[in-house]
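What follows is a short report on a single structure.
The values are calculated or read from the model by the stated rules, or taken from the named source; none is laboratory data. Because the structure is a prediction, the values reported are computed rather than measured. Cβ coordinates were reconstructed from backbone atoms using ideal geometry, including for glycine residues, and neighbour counts include every protein chain displayed. Keep in mind that these areas ignore ligands, DNA and RNA; they rest on the heavy atoms of the full protein, side chains included. Shrake-Rupley method; radii C 1.70, N 1.55, O 1.52, S 1.80 Å.
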Amino acid sequence: MTDGYTGAELIADALESYGIDYVFGNPGTTELPIMEAIGKSDLEYRLGLHEDIAVGMAGGYAQRRRYHAHHDDSITPVGVANLHITPGLAHGLGNLYAAKIAGAPLVVTAGNHSTDFRHEEPILSGRLADMARQFCKWSDEVRDVAALPTMLRRAFRVAMTPPTGPVFLALPLDVTMAETDAEPERLGPIPNAGGGDPAQLEYAADLLVEADEPVLVVGDGVARSGADAVAAAVDLAEATGARVHGEILSSEADFPTDHEQWVSYLPTSEELATMLLDTDTICFVGVSTNTTLTRHDEALVDADTTCIHVSDDAWQVGKNQPADAAVVGDPGLVLEDLTERVQGRLSEDVVAERLEAVAEAPDLVEAKLGDYGEGNGDDPRASKAQLVDAMERVAGDAAIVDEGVTSKFVMLNRWDLEPEQYISNKGGGLGYGLPAAVGAAVAEAQRDGPRDVVGFIGDGSYQYYPHSIYSAARYDLDLTVVISDNRNYRILKDNTLGLMGGTEDDYDFVGMDFEPGVDLVKNAESHGARAEQIETPDGIEGALEDALARDGPDVLDVLVHD
């Protein structure tokens, strides 16, 4: 034990100086100096019973704090997770991937063996930075305590600089235990992605003016830019008379869905997506996941379609379709500029003519998707549509963290979600939504007027990390989890039919049904939550009202049919 100032203590001091309040993690021996330093600081440690839970909590926390930071410049919207060497980092990679696709600003660290000991290949050894690299904006190891202040500062700056995302640092024991007289380096201001190339902006405006039936496809980069960016998307849509859709696999509220020019989120169906993208000019803004789940036979966007691409991530510009106008910049700033450049160049008659065409689109979508989630037959269980409708009536203003999977599109199509209300698992791998909901509840608890937090989780997703509920109970978080429970991996059955054709009677669906079923109520209670099962639609609203009225974690296992 040393009496001097150590690398671990410098880490804790740096986190505090950067405005960090919480460290999410699951500790091990190589992290003990950091745990000791956290215990002596004002930082609060939030224990997850699995490393992937810790990363998921940090991700959900960062996504909610980003919304808070849009209204308060003093907030640092970064989630910090500390994992345990090679197996612990391996456990956390699933949700590190999820955070990458969601653009969640994370700083993830893991302890490592001392640099002068690794040649003996002790247990738990591995190349940590290499493991994490494909899921991070930057992945490295601090090999000398003298480099620690700069590398910590760089980690936070890289995580927060658009396009935001995770960063990983390995922290060897000899670095965290070494004495140092260094101090944390100041973080400095974080730049936005700028206003874009004026020449490209002017050309994009020309293309929107000259279009016959422009379509605006908004992606989650709009919501990440802030509520003002969502408002700017509305302004551009109104100025151009554009039809508006959300990108495929939208996971945030990027446009008000009660607006008359909003038509729908684009579905993953090749047939429907191609139909809705069939126009002469499309402006893609903040888009990153706008493609189908499996290969499509035809191009989603016709080769002759004029495409405008706007993103704070240069990689996304022109990625899957040629970009006739390419603007790299902050989506909100770019949308505001485009609106100014377009206004006054289109007559009221032209905008009105475009709006007439827009008005016909919702009926077409309704004919194709109107009964989605309603199911068939006399099953006494709720349909997914009934569940979502009941939730909206009771919890219409709640902050939603969604991993309902096959229930997700039902929620997106039926619930008029507001900006900064909704986040979902954009990466698609199960196991992010429940811990992210716990992290979101941690973030909301920091606000003077916290919103209710509702996790909307499929039963398959819930069973990945049901012990996430332990963390919610341990820290007395106000969280309500609604499980959409159909007792199977419905998404895999749907994809089987989509890939191979036929009807359900043609398949055995190996490994896709939960038989025997898991008692999710007892499971939740064993981790410290109140829980109940709801078997019929008429029990949903009362149970949800009661859960929201109580403090602490509640889990509602709602039986639904396909």
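More than 27 angstrom separation, counting every C-alpha pair in the range 436-562; what % is that? Please list the in-between numbers first.
Working: 2123 of 8001 pairs.
So the portion of pairs separated by more than 27 Å is 27 percent.
Might you work out the accessible area of TRP138 for me, using a 1.4 Å probe with all protein chains in place, and round it to the nearest 10 Å²?
40
To the nearest 20 Debye, how big is the dipole of the chain about its Cα centre, given +1 on the beta carbon of each Lys and Arg and -1 on that of each Asp and Glu?
Working: 38 positive and 100 negative charges, 389 e Å.
About 1860 debye.
Give, rounded to the nearest 20 debye, the magnitude of the charge dipole that the range 257-333 has about its Cα centre when Lys and Arg contribute +1 at Cβ and Asp and Glu contribute -1 at Cβ. All intermediate terms of the calculation are to be shown ahead of the outcome.
Numbers: 2 positive and 14 negative charges, 58 e Å.
Here the size comes out at about 280 debye.
Taking 8 Å as the Cα distance limit and 6 or more residues as the minimum spacing, I'd like the relative contact order of the chain as a percentage. Please report the intermediate quantities before stating the final value.
On the way: 1234 pairs, mean separation 77.0, N = 562.
Answer for the chain is 14 percent.
As I understand it, the dipole of the chain uses +1 on the Cβ of Lys and Arg and -1 on the Cβ of Asp and Glu, about the Cα centre. Which of ALA437, GLY59, ALA170 lies farthest toward its positive end?
The one lying farthest along the dipole's positive direction is ALA170.
Looking at VAL453, VAL145, GLY404, which one has the Cα that reaches farthest to the positive end of the dipole of the chain (charges on Cβ: Lys, Arg +1; Asp, Glu -1)?
Toward the positive end, the furthest listed residue is VAL145.
Pairs on different chains or at least eight residues apart, Cα atoms closer than 22 Å: how many lysine pairs in the chain fit?
Lysine pairs, 8 or more places apart or on different chains, close enough: 16.
Could you do me a favour and compute the accessible area per residue for the range 350-463, 1.4 Å probe, result in Å²? Present the calculation step by step, with values, prior to reporting the outcome.
Numbers: 4260 Å² over 114 residues.
In whole numbers, the range 350-463 has 37 Å² accessible per residue.
Say each of ASP212 and ASP363 gets a label point 7 Å from the Cα, pointing the same way as Cα to Cβ; how far apart are those two points in nm?
Distance between the two pseudo-spin positions: 2.1 nm.
With r as the distance between the Cβ atoms of ALA549 and ASP397 and R0 = 22 Å, compute the FRET efficiency 1/(1 + (r/R0)^6) and round to 0.05. Write down the numbers at each step before the final one.
Values: r = 14 Å, r/R0 = 0.65.
Given R0 = 22 Å and the Cβ-Cβ separation, E is 0.95.
Round to a whole angstrom and tell me the spacing of the C-alpha centers of the range 423-464 and the range 131-198.
26
If packing is taken as the mean number of other Cβ atoms within 10 Å per residue, what is the order of 319-331, 292-304, 452-464, 542-554, highest first? Could the numbers behind the result be given before it?
Details: 319-331: 20.6, 292-304: 12.5, 452-464: 25.7, 542-554: 17.4.
My ranking of the peptides, most packed first, is 452-464, 319-331, 542-554, 292-304.
Charges at C-beta only: +1 for Lys and Arg, -1 for Asp and Glu. How large is the resulting dipole of the range 55-214 about its Cα centre, in Debye rounded to 20? Let's see the in-between values first.
Values: 13 positive and 20 negative charges, 103 e Å.
It works out to roughly 500 debye.
Roll a 1.4 angstrom probe over the protein heavy atoms and tell me the percent of accessible area of the range 83-185 that is carbon or sulfur. Each step should come with its number before you reach the end.
On the way: 2180 of 4190 Å².
It is 52 percent, rounded to a whole number.
Using Cα-Cα distances under 8 Å and only pairs 6 or more residues apart, what relative contact order does the range 11-84 have, in percent? It would help to have the intermediate numbers written out before the result.
Details: 109 pairs, mean separation 31.3, N = 74.
Result for the range 11-84 is 42 percent.
Can you send over the carbon and sulfur percentage of the accessible area for the range 301-398, probe radius 1.4 Å, protein chains only?
43
Quick one: Kirkwood hydrodynamic radius for the range 184-239, alpha-carbon pairs, angstrom, one decimal? Working shown, then result.
Working: mean 1/r = 0.0725 Å⁻¹.
With all distinct Cα pairs of the range 184-239 included, I get 13.8 Å.
What does the helix-only formula give at 222 nm for the chain: each DSSP H stretch with n ≥ 4 adding -39500 (n - 2.57), the total divided by the residues, and the result rounded to the nearest 500 deg cm²/dmol? Write down the numbers at each step before the final one.
Values: 21 runs with 224 residues, N = 562.
The helix-only estimate for the chain comes to -12000 deg cm²/dmol at 222 nm.
Which whole-number percent gives the relative contact order of the range 1-127, counting Cα pairs below 8 Å spaced six or more residues apart? Don't jump to the answer; show the numbers that get you there.
Values: 205 pairs, mean separation 33.3, N = 127.
Dividing the mean separation by the residue count of the range 1-127 yields 26 percent.
Taking the Cα centre of each part, how many Å lie between the range 524-562 and the range 45-105?
Centre-to-centre distance over Cα atoms comes out at 26 Å.
Over the chain, what portion of Cα pair distances is larger than 48 Å, expressed as a whole percent?
Values: 19279 of 157641 pairs.
Of all Cα-Cα pairs in the chain, 12 percent lie more than 48 Å apart.
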